[in-house]
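The values are calculated or read from the model by the stated rules, or taken from the named source; none is laboratory data. Keep in mind it's a predicted model, so treat the numbers as computed, not measured. A quick note on method: Cβ atoms are made from the backbone with ideal geometry, for glycine too, and the neighbour counts reach across all protein chains shown.
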Amino acid sequence: MSESQKIDSLLREERRFPPSPEFQKNAIAGADLYEQAGADRLGFWATQSRELLHWHKPFTEVLDWSNPPFAKWFADGHLNVSYNCLDRHVLEGRGDRVALHFEGEPGDTRSLTYAELTAEVKKAANLLTSLGLGQGDRVIIYMPLIPEAIIAMLAVARLGAIHSVVFGGFSAESLRARIDDAQASMVITADGGHRKGSVFALKTAVDQALEDGATSVEKVLVVQRGGNDVDWVQGRDLWWHEEMAPMVADHEAKPFEAENPLFILYTSGTTGKPKGILHTSGGYLTQAAFTHKNVFDLHPETDVYWCTADIGWITGHSYVVYGPLANGATQVIYEGTPDTPHPGRWWEIIEKYKVTIFYTAPTAIRTFMKLGREIPQKFDLSSLRVLGTVGEPINPEAWIWYREVIGGNTTPIVDTWWQTETGAIMISALPGVTTTKPGSAQVPLPGVSIDVLTEDGQQVGPEGGGLLVITEPWPSMLRGIWGDDERFKETYWSMFGDRYFAGDGAHLDKDNDVWLLGRVDDVMNISGHRLSTMEIESALVAHPMTAEAAVVGASDDTTGQAVVAFVILKSRFVGTLSDEEVTAQLRDWVAQQIGAIAKPRTVFVVAELPKTRSGKIMRRLLRDIAEGREVGDTTTLTDTSVIRVISDGLK
Ligand code: WT7
């Protein structure tokens, strides 16, 4: 489908879901938020920050934008992020409230109250201090989704140090690149974790990453989880449980400046090298807490919240760790995959913990849709009262299915648009206020200013399509790319000056509601996770067999997009292996180089690639081929016969 066909079919979606009066009666957010923010945007954020957070030293300045694009929020205030997520809840009498209901994939469970979680984080902070960790030091966290992963993040934050969580599905190679870029002095990992009914190794990948490189690392702390065998480097490797045993649960959280870095999270860009997105403390926590409370209508005394994201992604940072814990929420965390040991596992967990707020990705919803409604219908999902989605556009059919089958035809759905870079939700309905439209992310949140522009910076206005920008600085915005100010300016700020270019195409409908149309750059979105075409191409050409490679994201019914690779083999390999063998080898290779999520769905072995006269690969044409379409405009192609050769060869 072409872009304009896609938007035409979306806009034919006429169903509307106004908030119910019952929901509105107890709703956290009202329309007044828009009025307050509209009247005084900075004053609005200052009020939110003061109400939602504890400041050891109150701020007097709100925004310093004197050196764009480097923003400072609440700069003269001091706070401790970990104290905000833990100690104050205990001190204010909420210590007995459950913070985490942990559900392991094998069926083991553990619940930690705010008092217990605080005690664990204090012990861990003492341990990290005893190992020499201090403000500004970098720690890599490479773990399954178990309570210790969250304890580690909060302990690092408590000391004013910087964590960089690397998703457990990434390879040793990817891990090493991140350790090196961050110059981390410590890695916190586990022996292994549980996934799809078996144990996957993590410590082994850390060993490999440290074997020939990553020399900055002095200590590796290992949590026992998988029970799998591990190699041990004396003096470097330490068991978490042995080191934690003698630690005392007494630790004072020192305040740090609002702009003290909190974490680096690597994400794919349009080059082969992932970028380390830098987030800081006061502004980030303000917007994470504000959005978590208002978008999900959080009533912390009664709600049980569950976000299915892994802590290796930004969603796990903002909506598993920092937002919910700052708000004193009770939440569920689940280690494993949705279909283990049976395809109803998620719904079983919702029934068991009486989950009230559920936040997941469209890919997961579409997968369940295919499996059929009989599976969720076996469970009691009546506790649910708010549903959210994130990561990619949700098609109206999946939205309606989500509401009907999971939400019992009553729950509001919030489709939340944001990015690793934005740190927190930017565009979303507010349940209790917004009349929702299936398929649209709808409106910027109070205090957030966006626009849709043509390439030369003109506003498209209602019923127009163009590029999504954010026109004013926001509290949880990225503060830069770790170690690369130039790339930061170039990537986000060179297109429209002082307006942030998000990299997404968007359409405004006649009511000015936003419909997201996907990335406009060479970034793919596979199951709600960002992957760079260039990064996979570099991995492919690093294989001895490959001469050239081009990668595109082709639309896929379940995963949104799927990785499709076109490769030219070096002449001495041509004809030595069948196409199936080449495909299998290259898929494994990419998994080894980057991680299983980057594996191409399809590899086409071709003799030539379509290029412009300046030598740029024409990905648009390859996408047409990958999606089985008539090939589009080829006028800028050097040699139009190439495309015929490719398409004919694939028939
Ligand atoms: C990209 C950011 C934000 C956490 C997960 C992904 C796409 C995200 C939506 C949505 C349409 C969406 C955009 C964005 N995206 N949410 N609700 N509707 N598209 O974080 O890896 O930083 O990716 O995900 O293309 O730019 P990320």
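For the reader, a short list of remarks on this structure follows.
- Hits in the stretch 182-214 (condition: farther than 21 Å from GLY104 by Cα, in contact with an Asp or Glu (Cβ under 9 Å, 6 or more places away or on another chain) and of a type in the set (Asp, Glu)): ASP207
- Residues of the stretch 81-113 satisfying the condition of being under 14 Å from GLU252 (Cα atoms) and aromatic (Phe, Trp, Tyr): TYR83
- Looking only at residues in the stretch 373-411 that are within 15 Å of the ligand (Cβ to nearest atom) and part of a loop (DSSP other than H, G, I, E, B), the one that is nearest to GLN287 (Cα to Cα) is GLY391.
- Total residues in the stretch 412-427, condition near the ligand (Cβ under 7 Å from one of its atoms), buried (at least 23 other Cβ atoms within 10 Å of the Cβ) and of a type outside the set (A, V, I, L, M, F, W, C): 3
- Where strands (runs of 3 or more DSSP E) fall wholly inside the stretch 477-557, the ranges with 2 or more residues that are touching a Leu at 6+ places or on another chain (Cβ under 6 Å) are 500-508, 546-556.
- Only listed residue being surrounded by fewer than 23 Cβ atoms within 10 Å (Cβ to Cβ), farther than 24 Å from GLU14 by Cα and of a type in the set (Lys, Arg), chosen from ARG403, ARG487: ARG487
- Extreme residue, nearest to SER281 (Cα to Cα), among residues of the stretch 312-335 that are among the polar types (S, T, N, Q) and assigned to a helix (DSSP H, G or I): SER318
- The lone criterion from (1) within 13 Å of the ligand (Cβ to nearest atom); (2) of a type in the set (Gly, Ala, Ser); (3) touching an Asp or Glu at 6+ places or on another chain (Cβ under 7 Å) left unmet by GLY432 is number (1).
- Flag set for ASP511, criterion: closer than 25 Å to ASN395 by Cα, at pLDDT 95 or above and away from the ligand (no atom under 16 Å from the Cβ).
- Condition met for ALA46 (among the hydrophobic types (A, V, I, L, M, F, W, C), touching a helix residue (DSSP H, G or I) at 6+ places or on another chain (Cβ under 8 Å) and part of a helix (DSSP H, G or I)): no
- Residue within the stretch 291-307 that is within 16 Å of the chain's Cα centre (by Cα) and in a loop (DSSP other than H, G, I, E, B) present: no
- Checked against the criterion of being modelled with pLDDT under 95 and surrounded by fewer than 22 Cβ atoms within 10 Å (Cβ to Cβ), the candidates THR271, THR308 yield just one match: THR271.
- Filter result (modelled with pLDDT under 90, among the charged types (D, E, K, R) and within 11 Å of the ligand (Cβ to nearest atom)) within the stretch 514-556: ASP521
- Test: residue in the stretch 356-374 that is within 19 Å of the chain's Cα centre (by Cα) and of a type in the set (Phe, Trp, Tyr): yes
- Annotation: of all residues in the stretch 388-400 being under 12 Å from THR436 (Cα atoms) and in contact with a Gly (Cβ under 7 Å, 6 or more places away or on another chain), the one that is surrounded by the most Cβ atoms within 10 Å (Cβ to Cβ) is TRP399.
- Residue match in the stretch 170-182 (condition: assigned to a loop (DSSP other than H, G, I, E, B), over 23 Å from HIS529 (Cβ atoms) and of a type in the set (Gly, Ala, Ser)): no
- Residues that are without any contact (Cβ under 8 Å) to a residue 40 or more places away in the chain and out of contact with any Phe, Trp or Tyr (no Cβ under 9 Å at 6 or more places or on another chain) within the stretch 353-379 comprise LEU371, GLY372, GLU374, listed in sequence order.
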